[in-house]
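Following: one structure in structure tokens, then a few remarks.
The values are calculated or read from the model by the stated rules, or taken from the named source; none is laboratory data. In this text the structure is predicted, and so the values were computed from the model without any measurement. A quick note on method: Cβ atoms are made from the backbone with ideal geometry, for glycine too, and the neighbour counts reach across all protein chains shown.
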Protein chains: 4
Amino acid sequence: MEYVKFDETREMDLILLGRVAIDFNPAYNEYVKEEFKPLKKVHMFEKFVGGSPANIAVGVTRHGMKAGFIGKVSDDQFGEFVVDYFKEQGIDTSHITKCKNGEKLGLTFTEMLSSSESKILMYRNCIADLQLDVEDIDEAYIKKSKAILISGTALAQSPSREAALKAVMVAKRNDVRIIFDIDYRAYNWKNEDEISIYYSAVAKEADIIMGSREEFDLTEKLIRPGMTDEESAALWQGYHARIVVIKHGMKGSTAYTCDGQSFSIKPFPVEARKGFGGGDGYGSGFLYGLYQGWDIIDCLEFGSAEASMMVKSNNCSDSLPTPEEVHAFIKEEKESFGEMIARV
Amino acid sequence: MEYVKFDETREMDLILLGRVAIDFNPAYNEYVKEEFKPLKKVHMFEKFVGGSPANIAVGVTRHGMKAGFIGKVSDDQFGEFVVDYFKEQGIDTSHITKCKNGEKLGLTFTEMLSSSESKILMYRNCIADLQLDVEDIDEAYIKKSKAILISGTALAQSPSREAALKAVMVAKRNDVRIIFDIDYRAYNWKNEDEISIYYSAVAKEADIIMGSREEFDLTEKLIRPGMTDEESAALWQGYHARIVVIKHGMKGSTAYTCDGQSFSIKPFPVEARKGFGGGDGYGSGFLYGLYQGWDIIDCLEFGSAEASMMVKSNNCSDSLPTPEEVHAFIKEEKESFGEMIARV
Amino acid sequence: MEYVKFDETREMDLILLGRVAIDFNPAYNEYVKEEFKPLKKVHMFEKFVGGSPANIAVGVTRHGMKAGFIGKVSDDQFGEFVVDYFKEQGIDTSHITKCKNGEKLGLTFTEMLSSSESKILMYRNCIADLQLDVEDIDEAYIKKSKAILISGTALAQSPSREAALKAVMVAKRNDVRIIFDIDYRAYNWKNEDEISIYYSAVAKEADIIMGSREEFDLTEKLIRPGMTDEESAALWQGYHARIVVIKHGMKGSTAYTCDGQSFSIKPFPVEARKGFGGGDGYGSGFLYGLYQGWDIIDCLEFGSAEASMMVKSNNCSDSLPTPEEVHAFIKEEKESFGEMIARV
Amino acid sequence: MEYVKFDETREMDLILLGRVAIDFNPAYNEYVKEEFKPLKKVHMFEKFVGGSPANIAVGVTRHGMKAGFIGKVSDDQFGEFVVDYFKEQGIDTSHITKCKNGEKLGLTFTEMLSSSESKILMYRNCIADLQLDVEDIDEAYIKKSKAILISGTALAQSPSREAALKAVMVAKRNDVRIIFDIDYRAYNWKNEDEISIYYSAVAKEADIIMGSREEFDLTEKLIRPGMTDEESAALWQGYHARIVVIKHGMKGSTAYTCDGQSFSIKPFPVEARKGFGGGDGYGSGFLYGLYQGWDIIDCLEFGSAEASMMVKSNNCSDSLPTPEEVHAFIKEEKESFGEMIARV
């Protein structure tokens, strides 16, 4: 069954709206290896494009999809780095604009303490991505696309909050599918009620919602707290959702479809370098499968494989694989661990 | 037909959320008469409680309804004046709290240039009412009431914006009727897209929506601009609205009900002192009729009469009449101008 | 001895820099008398131009001096009221500019509880006068004047703080006498250290300093706290001060001159309507005498008389007297109470 | 002649007040060499403690002086990195406090385009160092030190501005020598008048002033623009300055002493890696010489040598030399280029 119908006449596959930033990761390459240690003791860093929707934009583009990005960058060398990188990847950057009041690109310094412990130190005060404005939302652009992906981080503060909400309203009236990637970051939010108000406002309009159990709990706080996954899925499907994906970290994740079915997947076994980037790989892979018209369980397996490939890597954007690499990884893992290794 | 069903077991009739302020009107009483003139030339002023939801709270209480108010006032003599006045009227003030960071009560200086021209000069920077916070929204209180009235001005800025949106969500899950009085004031809003985003968010959840044609246009900008009254009514009734009241100033107003009917009324002929306060009288009278279970056309006539009584007066809160006074005014007007004077 | 030498070739006598605001005082006139009562219970108000340097500008102009004002007003009817009023008085308003970001004129609501108790409720958030900017300081204008009076309130916040400090530097390099009227208002200041830093920065450059003992204590906190009046005078005379006037309210005030002398005066006995406005009358009268070349003790007596006339009145600006009226008042008081009534 | 007399009974030599930050420099070490290129193309960075007064604190401590630091750092791993590093160097960190509202440590990304072209990209919005508050200025601490060094950057914004001004006042009344290192950074300042106001406020109180010609021009804008070095020196010596050092980049610098003498020095010839850090080496070396009681020309030569050593290096703090290393460098340079190589 085709749960989400994309309009094949649209020239773009996906427009992503939200945060693009720079990741500074402890150097770990052929020249230098900063082993697991507290961030304050790291001396050398590698610079990468980062930010969840930016990574998914890179991921789906590497899979051959046609993506564009609506975002705001700093008017400096870092802003140029990001736009240059997107262009090299083939992402449409026509709707990325520069800040005018000296706001800077977000920075994420990653701390890798062990294969199971990683943290981030974020620079997100007076930050470029949250300066996205309603003026930046171009209806003519949005309606060129089959779908728009809203990253929940864009809802954390005005004026980006209103830009994201406008994009949802504009997408709705132009029959553009809405994908909501909750992507919770504590930074910039003032209180939990606010999170529930704005997450739920977008979730009510979304065709696809993706998030962890904790993220759904935050979203549902003012509607009905303490729901099970099945109840959450039913709630959102009572609005517009066709597919609700709820993740439980290493325990796996489940996609609930609007016909009452559910499909579950587990992570593939890998040695992790860090805890970040898995979700972006998952999103890229899952959406790619969906656009191909695959069965949901195959979309999930592909997403899960891509997630596992990402946590092994030292970064989030540069390491995103091609479909061939994902297929090869799945084949290899299945040969080692059995055909059903990721199935529940 | 009973379009909106109120839960008669609830102890309060109506909780109003939003702006309470002070009106300084050119003195016009038995001692001093500041005739029509530019504000800068006015020397003596009279002080009154003001703000649309505050006035409606006074109005319905004078009609015998049990009302409460959720709002924020300054921690000074003006804040005390407002709370004292509410208490004298019989309004429950248990959920009016004081600002902690020196924010001041809003002030409205009214300029009365002629019987058809009046303007206002507002003090609304760092203002008390917009400091209402999600912490101030008490579910146990809201669920005591048959209905909550949200004044659109409360949506103009954070943190009041989120407080109002939370109140709507809390009302919804407790089956409290939601009345949305759009009450547009240009002050504090940043752009028109923002207005449409937040007005429509509340309008989608409301059982009753009241506003002028211009206010509906602002609300609908990002959904479908340029609608007729009938189209607007149909749009909101497609969500949750049972009654949609659209006003056209001196040309009259129409209530569209969810059974496809519409009922129209005109103003009663009076000599106006100012252009303000009519809407608050209208709202008080219309809601009173509705709570009495009257036919819609009678609710409208009562509201229209109360509106006409208000524009004749020098102020907005002190002059709000009792039901007996409204009935007497209607009787007198009909005797002078005919039974159908306000009917279309 | 001529303690302060004014350059008689300059076309203007005095430019005042700082706060102009509106006073709303409980109505007390031939039509309406709001007797002593808490502010919240006052129903009718009279509107007057207010703000200490504004009042002194009015005062010295009524005495025949040629004054100008550097200030910022709101872009509304209240801003126009102030400028119109200044023009009517004969004050040069060429360097009063309008705010561009919606800042409003300060408002002062006066509470008159008894003849010895009065308070004020101030509206000073996002306020017009504190928007004065370094761009507003015009050297060509300042050097036209014999002296500039800096009101300490202008130092409470940026950008007005820097505008005032620039005016002092510009006056200095153009040999314009600097008069510092400390005029402390708690509002807008963040902490006492800040007050000492900025008050002392201006006091160090001033030719004449006027303030209460409390105001000198605030000024000296980071230099040497706990000084006597004599020590304070000596400290500032060690910088540039020629005359230091220290006030002790009802106990009288003393002028310390740079030749080591001191001259004291007491208030004239009157029935006070309020505690405000006395200082402005005092400043106007004292400066007038000084410009006339009078002996210091005569300047003080004239200032003290004008102060006493002001506290009797219901307002601060409209009641400022002409020199003839002050002379008449002194004559009358001396006839009633003896020649030495105000002398110490 | 001993131009500046330090109180030898004080236990500390120098307390520095101002900015401590992190420098991210393109990696250039035995493992990785990021050659000259635009910042956006740099992939690997090395992290160092940075900020002019922080570097001077490190420099003088390496020379054996007892230094302390008054500053504000972020409450995160970067803040801890800075404090740990200071402690390792032997700097007293008892008066470095942590920000409470999420402000972050300043970051400086250095762009090295060629040996003569380098730029910086600064993160200085909502920045930790400018949160220094008057509450952080501890008189008991300041009076333990022979001198305090105020970095002009601390004057760029409140509340750090007032903290620095308070420190100057407190130093003054405790007979602590005041060293003003102008250290102009365009970031955070609003206009040039403001710069002149605050720089001159500190310069008027300083015993030693160090800055470039451009920095003196900024300082003197509102006093007398367009002065020569000799006029500048005379102006400040007319206040409290004993030594005024004015730098002209590659053309060398001159120290003007209060006895009317002047002493000039040139840079030592080296191949520069970057344009930054020279001033910090200069300051460290010059002050070290002064504390040793050397002749001014020897202080200058030592400072100039240390400056030359710094611009050769890839960073500003880690490469600061010991006195032995500076002496060795001078010896070597003189052997290569002649005894008078740096003398004018």
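Within segment D:41-60, not a single residue is free of Cβ contacts under 8 Å to residues at least 40 places away in the same chain, away from chain A (no Cβ under 14 Å) and out of contact with any Phe, Trp or Tyr (no Cβ under 6 Å at 6 or more places or on another chain).
State all residues of segment C:90-107 that are more than 9 Å from chain B (Cβ to nearest Cβ), closer than 26 Å to B:Cys126 by Cβ and of a type outside the set (S, T, N, Q); if no residue qualifies, say none. Hits for segment C:90-107 are C:Ile96, C:Lys98, C:Cys99, C:Lys100, C:Leu105, C:Gly106.
Checked across segment A:183-197, the condition of being farther than 27 Å from B:Glu194 by Cα and among the acidic types (Asp, Glu) holds for no residue. Could you tell me whether B:Tyr256 is within 13 Å of another protein chain (Cβ to nearest Cβ) and aromatic (Phe, Trp, Tyr)? The answer is no for B:Tyr256. Can you tell me which residues in segment B:23-40 are in contact with a helix residue (DSSP H, G or I) (Cβ under 9 Å, 6 or more places away or on another chain) and either at the interface with another protein chain (Cβ under 7 Å from one of its Cβ atoms) or among the basic types (Lys, Arg) (or both)? Passing the criteria: B:Pro38, B:Leu39, B:Lys40. Residue count for segment A:16-32 satisfying the condition of being surrounded by fewer than 24 Cβ atoms within 10 Å (Cβ to Cβ) and either in a loop (DSSP other than H, G, I, E, B) or touching a Cys at 6+ places or on another chain (Cβ under 6 Å) (or both): 5. Out of the residues in segment B:55-83 meeting the condition of being of a type in the set (D, E, K, R) and touching a strand residue (DSSP E or B) at 6+ places or on another chain (Cβ under 9 Å), tell me which one is nearest to B:Arg161 (Cα to Cα). Here the residue is B:Lys72. I'd like the full set of residues that are surrounded by 20 or more Cβ atoms within 10 Å (Cβ to Cβ) and among the polar types (S, T, N, Q), limited to segment B:196-217. Correct list: B:Ser196, B:Ser200.
Among the residues making up segment B:328-344, those that are of a type in the set (A, V, I, L, M), in contact (Cβ under 8 Å) with a residue 40 or more places away in the chain and not in a helix (DSSP H, G or I) are B:Ile341, B:Ala342, B:Val344. I'm trying to understand the selection: among the residues of segment B:66-84, which are farther than 26 Å from B:Asn125 by Cα and either among the charged types (D, E, K, R) or surrounded by fewer than 20 Cβ atoms within 10 Å (Cβ to Cβ) (or both)? Within segment B:66-84, just B:Lys66 meets the criteria.
For segment A:224-237, a residue qualifies if it is surrounded by fewer than 18 Cβ atoms within 10 Å (Cβ to Cβ) and farther than 22 Å from A:Cys299 by Cβ, and the qualifying residues are A:Arg224, A:Pro225, A:Gly226, A:Met227, A:Thr228, A:Glu231. You will find that of D:Glu215, D:Glu162, D:Glu194, D:Glu231, the residue that is out of contact with any Gly (no Cβ under 8 Å at 6 or more places or on another chain) and under 24 Å from D:Gly50 (Cα atoms) is D:Glu162 and no other.
Scan segment C:241-254 and give yes if some residue there is over 21 Å from the mean Cα position of the chain (by Cα) and of a type in the set (S, T, N, Q), otherwise no. Checked against the condition, which is being over 21 Å from the mean Cα position of the chain (by Cα) and of a type in the set (S, T, N, Q), segment C:241-254 yields no hits at all. Filtering A:Lys33, A:Lys41 for residues that are over 18 Å from the mean Cα position of the chain (by Cα) and at pLDDT 95 or above leaves a single hit, A:Lys41. The single condition among (1) free of Cβ contacts under 8 Å to residues at least 40 places away in the same chain; (2) under 28 Å from D:Cys126 (Cα atoms); (3) buried (at least 19 other Cβ atoms within 10 Å of the Cβ) that D:Glu220 does not satisfy is (2). A:Phe302 meets the conditions (1) surrounded by 24 or more Cβ atoms within 10 Å (Cβ to Cβ); (2) in contact with an Asp or Glu (Cβ under 6 Å, 6 or more places away or on another chain) in every case but one. The failed one is (2). In segment A:184-192, the condition of being modelled with pLDDT of 95 or more and small (Gly, Ala, Ser) is met by no residue.
Looking at A:Phe78, is it in contact with a helix residue (DSSP H, G or I) (Cβ under 9 Å, 6 or more places away or on another chain), in contact (Cβ under 8 Å) with a residue 40 or more places away in the chain and at the interface with another protein chain (Cβ under 9 Å from one of its Cβ atoms)? Judged against the criteria, A:Phe78 is a match.
On the basis of being assigned to a helix (DSSP H, G or I), within 14 Å of another protein chain (Cβ to nearest Cβ), crowded, with 23+ Cβ neighbours inside 10 Å and among the charged types (D, E, K, R), does D:Lys87 make the cut? No: the conditions fail for D:Lys87. Do the conditions hold for B:Leu121, that is, is it within 14 Å of chain C (Cβ to nearest Cβ) and either surrounded by fewer than 23 Cβ atoms within 10 Å (Cβ to Cβ) or under 18 Å from the mean Cα position of the chain (by Cα) (or both)? Yes: the conditions hold for B:Leu121.
Within the span defined as segment C:100-113, every residue fails to be without any contact (Cβ under 8 Å) to a residue 40 or more places away in the chain, in contact with a Lys or Arg (Cβ under 8 Å, 6 or more places away or on another chain), at negative phi and not in a loop (DSSP other than H, G, I, E, B). Once segment C:238-281 is narrowed to residues that are over 15 Å from C:Gly303 (Cβ atoms) and basic (Lys, Arg), the residue that is surrounded by the most Cβ atoms within 10 Å (Cβ to Cβ) is C:Lys274. Set side by side, the residues C:Tyr198, C:Tyr184 differ, and just one is touching a residue at least 12 places away in the same chain (Cβ under 8 Å) and more than 14 Å from C:Ile246 (Cβ to Cβ), which is C:Tyr198.
In segment D:124-145, the residue that is nearest to the other protein chains (Cβ to nearest Cβ) out of those that are surrounded by fewer than 24 Cβ atoms within 10 Å (Cβ to Cβ) and polar (S, T, N, Q) is D:Asn125. Reported count of residues in segment B:33-84, each being farther than 19 Å from B:Ile142 by Cα, among the small types (Gly, Ala, Ser) and not in a helix (DSSP H, G or I), is 4.
Considering segment B:298-327, the residues that are in contact with a helix residue (DSSP H, G or I) (Cβ under 6 Å, 6 or more places away or on another chain), of a type in the set (A, V, I, L, M) and part of a helix (DSSP H, G or I) include one that is nearest to B:Phe263 (Cα to Cα), namely B:Ala305. Condition check for C:Thr9 on (1) free of Cβ contacts under 8 Å to residues at least 60 places away in the same chain; (2) within 14 Å of chain B (Cβ to nearest Cβ); (3) of a type in the set (S, T, N, Q): one failure, at (2).
Within segment D:33-46, the set of residues being out of contact with any strand residue (DSSP E or B) (no Cβ under 6 Å at 6 or more places or on another chain) and crowded, with 18+ Cβ neighbours inside 10 Å comprises D:Lys40 only.
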